[in-house]
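Values quoted throughout were computed directly from the atomic coordinates according to the rules given, and no laboratory measurement underlies them. Predicted model only: the values in this text are computed from it and were never measured. Reconstructed Cβ throughout: ideal geometry from the backbone, glycine too, with neighbour counts over all protein chains shown.
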């Protein structure tokens with residue numbers, strides 16, 4: 001069985017999600033709106049051709065990773081940036097916090113960075129006395145709630161404006177409207193704005209790292225990324241090594257796919273190409289491995305490194321709609337999260353979330369780089385079974401299905417045994433029947449057909 005603490009954490013998140021009826025309502029409205037808007041946004045491009053082009057560029061990188069890492073490093077250093085390699089999460093945190101210590105930095109402004117969530121940077125920084133302020137609106141909201149993002153692109157998508165109003169009122173110690181989104185956004189902007197000018201370090205992520213020029217491409221809708229990159233005297237980019245693309249042309253292809261797949265926009269409000277530091281400032285680029293080379297070494301998982309973090313797989317996922325990203329994932333949510341969690345955080349962390357996948361294959365149909373996510377999730381599931389085994393009742397049922405004659409006999413016996421139960425119904429409604437009461441405690445089961 002998975003580690004008891006990991007299993008307990010997953011069970012708690014799952015129960016909390018299932019006990020929150022508003023979560024399903026919020027996410028259903030989001031998914032329905034996103035799908036229709038996404039289909040309109042992709043209607044004016046040749047999506048299949050762009051997807052094939054992006055896939056080809058990503059295969060070029062994953063098949064020649066060290067070559068393109070070297071090319072990017074040489075170009076970035078030539079432009080004045082410092083480039084660091086981090087083998088794992090601890091190394092990445094140590095590199096960034098050493099830079100902060102060397103410059104006497106106490107306040108850190110952060111733009112959205114899923115890699116910073118992956119390495120749990122905020123916890124590491126705060127443990128050493130640094131104050132970290134999330135400047136992306138959604139990230140700031142989940143920060144004041146002491147939560148992780150529930151979605152890779154829209155961190156607070158699981159919340160309604162009424163819930164956000166309550167949280168902001170508590171955090172700001174004054175009444176904030178539960179209904180006016182404009183008032184909520186304005187209040188958050190006023191609270192966050194001064195951080196850009198006072199912070200000694202700004203941390204951003206990267207949507208792409210362009211090998212031919214050492215350029216960081218950053219795509220945002222709020223402008224906070226540009227402020228984090230340009231106002232504090234030290235700019236740190238946290239990026240996974242898989243963010244490499246060979247050329248500017250490939251970066252533009254990604255840009256055309258990313259906004260349409262992530263937020264159903266033709267283009268985001270801000271797209272920044274950063275080559276070297278702001279004059280008079282420092283720029284540090286931390287290239288994070290943390291399990292990515294292990295993925296690259298396994299042919300069945302290599303394509304997971306092609307992900308451009310659009311979260312389209314979560315936006316069409318039925319289980320995600322029911323329980324949200326805190327249960328359907330670990331740090332990375334959605335289908336891609338079920339795949340990469342094993343490599344970033346271990347099989348214990350992946351075991352619970354992967355069990356929620358229905359294998360409906362919806363994720364693969366919208367993925368802008370055509371990652372075979374359903375197959376990869378099954379591969380992770382096989383790893384979980386190999387490592388932890390499966391419970392005896394399920395093992396018995398699977399063994400029975402492997403023997404058709406025995407299974408047929410067992411079903412005939414079961415059909416006869418169920419005759420006293422239905423009382424004219426086609427459903428089994430009881431909480432006291434042995435073997436199945438765990439399933440009938442919260443739902444009715446269909447009876448076996450005659």
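Couple of notes before you dig in:
- Fluctuation leader among 186, 291, 63 - the chain, Gaussian network, Cα springs under 10 angstrom: 186
- Each of 13, 110, 394 was scored by other Cβ atoms within 10 Å of its Cβ. Listed from fewest to most, they are 394, 13, 110.
- Between 0 and 90°, nearest 10: helix 373-388 axis offset from the chain longest Cα axis: 70 degrees
- Cα gyration tensor, segment 45-290 - rounded (a/c under 1.5), prolate or oblate: oblate
- From its DSSP helices (H runs of at least four residues, each -39,500 (n - 2.57)), the chain gives a residue-normalised ellipticity at 222 nm of -16000 deg cm²/dmol.
- Sequence ranges 220-233, 41-54, 398-411, 332-345, ranked by mean other-Cβ count within 10 angstrom, highest first: 332-345, 220-233, 41-54, 398-411
- Ranked 74, 190, criterion: other C-beta atoms within 10 Å, fewest first: 190, 74
- With contacts taken as Cα pairs under 8 Å at a separation of at least 6 residues, segment 309-413 carries a relative contact order of 22 percent.
- Note on residue 395 and residue 294: the model spin-label points, each 7 Å out from Cα along the C-beta direction, lie 2.5 nm apart.
- Relative to the longest principal axis of the Cα atoms of the chain, helix 47-63 runs at roughly 70 degrees.
- In degrees, nearest ten, helix 181-198 long axis to first principal axis of the chain (Cα): 50 degrees
- Among 87, 252, 286, sorting on how many other beta-carbon atoms sit within 10 Å of each Cβ, with the fewest leading, yields 87, 252, 286.
- Listed options for Cα extents along the principal axes in Å are (1) 99, 77, 49; (2) 83, 55, 47; (3) 92, 49, 39. The value calculated from this structure is the one marked (2).
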